[in-house]
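Only one structure is covered here, and it is reproduced in the block below.
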Amino acid sequence: GSDALPPLHGVPVTVKVNQNVAGQPNTNGLLARRDNIAADNSPVVQNLLDNGAVIIGLTSTPEFSFRWYTESPLYGRTLNPWRADITPGGSSGGAASAVAAGMCPIAHGNDIAGSIRYPAYACGVVGLRPSVGRIPTGLGLGFAGQQIATQGPLARSVADARLAFLAMASSGGADPNWVSPVASPEAREKRVVGLVNELPGIPLDASVRDNLAAVAKMLEDAGYRVEPVSLPDHELATQTWLRIVMTEIRLQLLPVMRREGSEALQAAVQGMLEATPETGLDEYVVALATRNNLRVKWRALFQRYDALIAPVSASAPLPWGLDAQGGAAMAQIMRQQAILMSVALSGLPALSVPSGLQGERLPAGVQVIADHYREDRCFQVAAVIEAAARMPRAYQTGPV
């Protein structure tokens with residue numbers, strides 16, 4: 001009846017501190033914006049509140065939400081609840097850490113280069129980057145902000161991530177790109193999954209390779225056929241992501257970053273700019289066309305597969321501070337994280353799901369990638385992995 005409680009009634013959630021929560025500061029991790037009090041709620045925050053969620057806090061993010069590490073002059077360092085010597089990921093590191101530490105069952109995050117999926121991986125929780133258009137984004141953003149960035153949930157379980165996704169996607173607000181999540185056509189399940197266990201020019205750590213094989217076996221045991229598959233033009237996809245996103249950052253954000261950012265941020269930004277191929281207007285326009293061609297090739301895979309299983313990163317979660325150590329260190333990180341960027345470019349939904357521990361208190365996981373608007377397939381396949389992996393919870397395993 002009409003007196004039914006909303007799906008997140010009374011559920012404690014956190015919001016990343018780069019979204020407007022009325023009456024709270026939207027700092028985006030910047031000291032200079034500590035008093036930037038929001039007058040209203042961003043569309044995704046409004047959706048959470050309308051679905052009954054109780055916002056219990058804001059989670060930290062690096063300056064400009066721009067690193068694979070979460071620390072800033074404003075908030076200091078966010079620790080990983082599994083181990084203090086590894087990154088909690090970034091830029092939704094505060095969100096992933098809060099979920100992993102047991103502070104909240106659901107956290108809001110956002111992802112343009114892996115900022116939901118990488119922290120979920122590093123902290124051993126579930127993180128969904130939905131299809132572009134599912135959850136309303138903030139307005140006034142460039143092409144990358146509209147078509148590559150997404151909002152999404154981090155959660156302790158696949159079921160909770162699904163609930164949070166449906167709540168966050170429940171209304172489009174004023175976002176012209178929004179597509180209702182009830183619009184998915186029901187296609188017959190193929191029971192075939194593609195396994196991405198090679199990335200051109202990027203060696204995978206032995207632990208990452210072993211984990212992919214273990215996950216493949218979990219799916220085979222559940223009745224799926226698992227076949228090795230290559231991502232189409234993976235290197236070109238990464239280059240295209242860099243051309244589009246870094247060009248917009250150079251034009252729109254760089255002056256502000258230079259003015260308001262710390263030395264560590266400057267070093268990280270500089271490293272990413274150095275890794276970006278020279279891009280003028282011609283190359284930028286070609287990159288937009290290339291993105292569309294790549295998306296067609298990616299989508300063609302799902303004529304055959306329910307989902308793809310891929311690494312989140314080519315390496316285990318990184319030790320602290322690596323991304324502020326200059327160009328060479330950043331180039332290495334960019335190679336390891338290239339798949340996060342190529343998937344973001346595709347606009348497809350990708351869910352980061354933990355699959356156990358790959359070393360002493362070191363989380364392992366994979367990303368489950370599905371066809372456009374088929375988040376249901378991500379949840380379906382990830383639930384099989386979750387049930388087989390029985391990932392322990394950091395907050396139940398004793399102090400770090």
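Considering the range 365-384, and only residues there that are surrounded by 22 or more Cβ atoms within 10 Å (Cβ to Cβ) and touching an Asp or Glu at 6+ places or on another chain (Cβ under 8 Å), the residue that is nearest to LYS297 (Cα to Cα) turns out to be ALA370.
Which of the residues spanning the range 257-279 are touching a residue at least 60 places away in the same chain (Cβ under 8 Å), open to solvent by less than 40 Å² (accessible area, probe 1.4 Å) and either part of a loop (DSSP other than H, G, I, E, B) or charged (D, E, K, R) (or both)? Selection gives GLY261, SER262. Considering only residues in the range 49-82 that are at pLDDT below 95 and farther than 16 Å from THR27 by Cα, the one that is farthest from the chain's Cα centre (by Cα) turns out to be TYR69.
Looking only at residues in the range 385-400 that are in a helix (DSSP H, G or I) and of a type in the set (Gly, Ala, Ser), the one that is most open to solvent (accessible area, probe 1.4 Å) is ALA387.
If you check VAL208, VAL245 for being hydrophobic (A, V, I, L, M, F, W, C), under 18 Å from ALA364 (Cβ atoms) and assigned to a helix (DSSP H, G or I), only one passes: VAL208. Filtered by the rule that a residue be assigned to a helix (DSSP H, G or I), open to solvent by 10 Å² or more (accessible area, probe 1.4 Å), of a type outside the set (S, T, N, Q) and over 18 Å from LEU362 (Cα atoms), the range 315-338 gives ALA324, GLY327, ALA328, ALA329, ALA331, MET334, ARG335. Put simply, of ALA159, ALA206 the only residue that is surrounded by fewer than 18 Cβ atoms within 10 Å (Cβ to Cβ), aliphatic (A, V, I, L, M) and over 20 Å from the mean Cα position of the chain (by Cα) is ALA206. Within the range 295-309, the residues that satisfy the criterion of being over 15 Å from ALA144 (Cβ atoms), of a type outside the set (S, T, N, Q) and part of a helix (DSSP H, G or I) are VAL296, LYS297, TRP298, ARG299, ALA300, LEU301, PHE302.
Condition check ((1) closer than 23 Å to ARG295 by Cα; (2) touching a residue at least 40 places away in the same chain (Cβ under 8 Å); (3) in contact with a helix residue (DSSP H, G or I) (Cβ under 7 Å, 6 or more places away or on another chain)) across all residues:
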{"position": "SER97", "(1), (2), (3)": "no, no, yes"}
{"position": "CYS104", "(1), (2), (3)": "no, yes, yes"}
{"position": "TYR118", "(1), (2), (3)": "yes, yes, yes"}
{"position": "ARG129", "(1), (2), (3)": "yes, yes, yes"}
{"position": "LEU154", "(1), (2), (3)": "no, yes, yes"}
{"position": "ASP160", "(1), (2), (3)": "no, yes, no"}
{"position": "MET168", "(1), (2), (3)": "no, yes, yes"}
{"position": "LEU195", "(1), (2), (3)": "yes, yes, yes"}
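The values are calculated or read from the model by the stated rules, or taken from the named source; none is laboratory data. Just so you know, these numbers come straight off a predicted model, no measurement behind them. A quick note on method: Cβ atoms are made from the backbone with ideal geometry, for glycine too, and the neighbour counts reach across all protein chains shown. Note: areas computed on protein heavy atoms with side chains; ligands, DNA, RNA excluded. Shrake-Rupley method; radii C 1.70, N 1.55, O 1.52, S 1.80 Å.
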